[in-house]
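Only one structure is covered here, and it is reproduced in the block below.
The values are calculated or read from the model by the stated rules, or taken from the named source; none is laboratory data. Computed from a predicted model, the values in this text were never measured in an experiment. Cβ placement follows ideal geometry from the backbone for every residue including glycine, while neighbour counts extend to all protein chains displayed.
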Amino acid sequence: MKPGMRRRSGMLLVLLPAALIAAALAAPGPRCPVASPLAPPSLRHPLGGDPLGRDAACILALGALRSIVVAAAALASSLAVLASAAALAATGRERLVAHLAGALAGLPRLPLLGLLALYTKPGPLLLGLLAGLLASPGAARSLASAAAREARSLYVEAALAAGASEYWIVARHVLPALRGQLAAHAGIAAAAAVYMEAGLAMIGLLDPSKPSLGTTLMLLLETPGALLTPAGLLQAATALTLIAGIGAAVYASLRPRGRLAEKHLLAWLLA
Amino acid sequence: MSRKLLAAVSEVAVGLLLLALVSYLAARLGLGSPLAGLGAEGEIEGEAAERLRRLYGLDEPLLWGFLSWLRGLARGEAGPSMVYGADALRLVAAGLAATLAPVTLGGLVALAAAWAVLASSWPRMPAAPRLLAHVPGYVYAYAAAAAAWLLGLGGTPSASPTRVLVYAAVVAAALAPRLLHAGSEALRDALEDNTAALAAARAMGHPSSWRRGLLLRAAAPTLLSYWLMLYAYVLERSIVLEPLLSYPGLGSLLATALLEADPVLAATGLLAVGLVSYAASLAASLLER
């Protein structure tokens, strides 16, 4: 296994269980210590009190955990969609996959996710799954053509001539050959899901009772004078940095290296 | 070429139909109706509630309601908005016009800035835009909203010239670093594709500015294509940007429709965003070809 693939596989093996643990920890609901609303930072409350009188560091930590769960769920759903698209394309259905991906790639993901979130009232796992599904069609088209090219290569034809089934070819040759691209595109979907969750929470389209980085930002903006306090400014800066940081970290850990990285970066900048 | 164009247009048509179906069904089923709450409190009941349900088309079966909505759209009427009272299509058209102005202005400023930097500096690119390209657009909007509050500009939505300029500035800040990256990559591809032409130009004594102009012209369609995709990207994110900036455009309208449970306005707004998004993506793919 190439070093880059080893790193990306390792990242996947770390991220997915970490997210499940995070989901388990966050499931019973926030149990953050009480603090004075917008109390200044102190040793006991490093980021001060939030506008609702809770320890801001605890709330932001729970919000960050939620973002990680969303990223992991989006990663899983995106991998499933992209792997399915690649498998279908490798078994002779490339045009169908390309046309379907083309039809779905232009969907306005963020407003549609907001609408679906109001309909399904999702927790972070379901929200991440939906976000990953919506963020995947754009990459499915390029992966489908790559899978079809792989399926037409000489060693695959040799395997077919030796009696291998299409499904064995897909599982043994095509998907492993595309492992790096699958992980990279799924990483973009996961990072986009983090931004989408925070953005929708920021405007109140998600459940405000659940701790989220976006909800913290919304509370600070809507509480008169909050952003004039040291605690408010620090909390806003921390929340924005965490949102950007978690998304960028997920993307950076799974992106390809070398010349392909620059091409891949353009897809990321549209996320 | 025409077969590919036909295939691309049919993909857009299928995508829009699917978006319309999902939007309408999710809005009707998910948002419910403010009438349910009012009826439960006793403010409206019996014949009055039934009359309102008929007025807003909430008594029709889902599929029939969807087809009625599509027929209405074809006639230029989406049905009345429950929040604003006016026809949803007219509201969405006005909101779209209000959004397109600052987004287009900001997009053009970003394109001009990126082009200027590429024309003068490429391949030596400044490091700051590379980092700024990773910053989500709503970070700038949040900073602008916080600054507006601190400066006492108020949170009442308005399309004043100041708000339009702030919105355009947020869009330009978000798009310029991304366009720089796209332009840099396009110039690198143009350099690889035009090696022979550049060598011939050098041999004939053309100045470096002429050769640079050749590269910029070769990279222009790719950069414009990326600009169109970013245009759709910003429009999609207007649902977050505009409430933060207190700007009464399509994004604010859509956010209000979702929060206030207005199914017809939500579905119509979502379809409008999808239409512009698909049109921009189609134009981008045609430019790249």
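Look through region A:99-108, keep the residues that are under 18 Å from the mean Cα position of the chain (by Cα) and outside any helix (DSSP H, G or I), and return whichever of them is nearest to B:Leu17 (Cα to Cα).
Start the filter on region A:99-108 by keeping residues that are under 18 Å from the mean Cα position of the chain (by Cα), which leaves A:105, A:107-108.
The next check asks that each one be outside any helix (DSSP H, G or I); those that pass are A:107-108.
Values: A:Leu107: 11, A:Pro108: 13 Å.
If we take residues in region A:99-108 being under 18 Å from the mean Cα position of the chain (by Cα) and outside any helix (DSSP H, G or I), then A:Leu107 is nearest to B:Leu17 (Cα to Cα).
The lone criterion from (1) outside any helix (DSSP H, G or I); (2) more than 9 Å from chain A (Cβ to nearest Cβ) left unmet by B:Leu271 is number (1). With respect to the conditions (1) in contact with a strand residue (DSSP E or B) (Cβ under 8 Å, 6 or more places away or on another chain); (2) farther than 20 Å from A:Arg54 by Cβ, A:Ala231 falls short on a single one, namely (2). Would you confirm whether or not region B:252-267 contains a residue that is farther than 19 Å from B:Leu96 by Cβ, in a helix (DSSP H, G or I) and hydrophobic (A, V, I, L, M, F, W, C)? Yes, there is a match, as at least one residue in region B:252-267 is farther than 19 Å from B:Leu96 by Cβ, in a helix (DSSP H, G or I) and hydrophobic (A, V, I, L, M, F, W, C). Among the candidates B:Ala257, B:Ala200, single out the residue that is crowded, with 24+ Cβ neighbours inside 10 Å and farther than 21 Å from A:Tyr195 by Cβ. Checking each option against the conditions leaves just B:Ala257. For first residues located in region A:132-160 and free of Cβ contacts under 8 Å to residues at least 60 places away in the same chain, partners that are of a type in the set (Phe, Trp, Tyr) and lie 6+ apart or on another chain with Cβ distances below 8 Å form the pairs A:Ala159/A:Trp168.
Quick one: in region A:185-232, which of the residues that are assigned to a loop (DSSP other than H, G, I, E, B) and facing chain B (nearest Cβ under 10 Å) is farthest from A:Ala56 (Cα to Cα)?
A:Leu205
Restricting region B:224-242 to residues that are more than 15 Å from B:Leu96 (Cα to Cα) and among the aromatic types (Phe, Trp, Tyr) leaves a set whose member that is surrounded by the fewest Cβ atoms within 10 Å (Cβ to Cβ) is B:Trp227.
Scanning region B:147-179 for residues that are among the hydrophobic types (A, V, I, L, M, F, W, C), closer than 25 Å to B:Glu236 by Cα and either touching a Lys or Arg at 6+ places or on another chain (Cβ under 8 Å) or away from chain A (no Cβ under 12 Å) (or both) returns B:Ala159, B:Val164, B:Leu165, B:Val166, B:Ala168, B:Ala169, B:Val170, B:Val171, B:Ala172, B:Ala173. Need the failing condition index for B:Ala197 against (1) more than 11 Å from chain A (Cβ to nearest Cβ); (2) touching a Gly at 6+ places or on another chain (Cβ under 9 Å), just the number. The one condition B:Ala197 does not meet is (2).
Looking at B:Pro221, B:Pro207, can you tell me which residue is over 25 Å from B:Leu111 (Cα atoms), more than 11 Å from chain A (Cβ to nearest Cβ) and surrounded by fewer than 17 Cβ atoms within 10 Å (Cβ to Cβ)?
Values: B:Pro221 fails: over 25 Å from B:Leu111 (Cα atoms).
Answer to the check: B:Pro207.
Is it true that some residue in region B:202-216 is within 30 Å of A:Leu112 (Cα to Cα) and among the charged types (D, E, K, R)? Give the derivation first.
As a first pass, look at region B:202-216 and keep what is within 30 Å of A:Leu112 (Cα to Cα): none.
There is no residue in region B:202-216 that is within 30 Å of A:Leu112 (Cα to Cα) and among the charged types (D, E, K, R).
Scanning region B:224-256 for residues that are within 10 Å of the chain's Cα centre (by Cα) and at the interface with chain A (Cβ under 10 Å from one of its Cβ atoms) yields B:Met229, B:Leu230, B:Ala232, B:Tyr233, B:Leu235, B:Glu236, B:Arg237, B:Ser238, B:Ile239, B:Leu250, B:Gly251. Within region A:109-132, not a single residue is within 19 Å of the chain's Cα centre (by Cα), under 21 Å from B:Val14 (Cα atoms) and not in a helix (DSSP H, G or I).
Among the residues of region B:120-134, those identified as in a helix (DSSP H, G or I) and away from every other protein chain (no Cβ under 12 Å) are B:Ser120, B:Ser121, B:Ala127, B:Ala128. Out of curiosity, is A:Met218 closer than 30 Å to A:Ile246 by Cβ, touching a Leu at 6+ places or on another chain (Cβ under 6 Å) and without any contact (Cβ under 8 Å) to a residue 24 or more places away in the chain? Spelling it out, it is not the case that A:Met218 is closer than 30 Å to A:Ile246 by Cβ, touching a Leu at 6+ places or on another chain (Cβ under 6 Å) and without any contact (Cβ under 8 Å) to a residue 24 or more places away in the chain.
Just one of B:Leu132, B:Leu105 is buried (at least 16 other Cβ atoms within 10 Å of the Cβ), farther than 19 Å from A:Ala237 by Cα and out of contact with any Cys (no Cβ under 9 Å at 6 or more places or on another chain); which is it?
Details: B:Leu132 fails: farther than 19 Å from A:Ala237 by Cα.
None of the others qualify; the one that does is B:Leu105.
Taking the conditions exactly as written (at pLDDT below 90, closer than 22 Å to A:Leu205 by Cβ and among the small types (Gly, Ala, Ser)), does A:Ala117 satisfy them or not? Yes; evaluated as a whole, the condition is true for this residue. Cβ-Cβ distance below 8 Å, separation of 6 or more or different chains: which pairs start in region A:242-257 with a residue that is touching a residue at least 40 places away in the same chain (Cβ under 8 Å) and end on one that is in a helix (DSSP H, G or I) and of a type in the set (Phe, Trp, Tyr)? Taking only residues 6 or more apart or on different chains, the pairs are A:Ile243/A:Tyr195; A:Gly247/A:Tyr195; A:Tyr251/A:Trp268; A:Arg255/A:Trp268.
Could you list, in sequence order, all residues of region B:139-154 that are crowded, with 17+ Cβ neighbours inside 10 Å and either at pLDDT below 80 or touching a Cys at 6+ places or on another chain (Cβ under 7 Å) (or both)?
Restricting attention to region B:139-154, the residues satisfying the condition of being crowded, with 17+ Cβ neighbours inside 10 Å are B:139-142, B:144-146, B:148-149, B:153.
Result: B:Ala148, B:Trp149, B:Leu153.
Per the conditions (1) away from chain B (no Cβ under 11 Å); (2) farther than 18 Å from A:Cys32 by Cα; (3) assigned to a loop (DSSP other than H, G, I, E, B), the sole criterion not satisfied by A:Leu242 is (3).
Quick one: which of A:Leu134, A:Leu129 is crowded, with 24+ Cβ neighbours inside 10 Å, within 25 Å of B:Leu29 (Cα to Cα), among the hydrophobic types (A, V, I, L, M, F, W, C) and at pLDDT 90 or above?
Residue meeting the stated conditions: A:Leu134.
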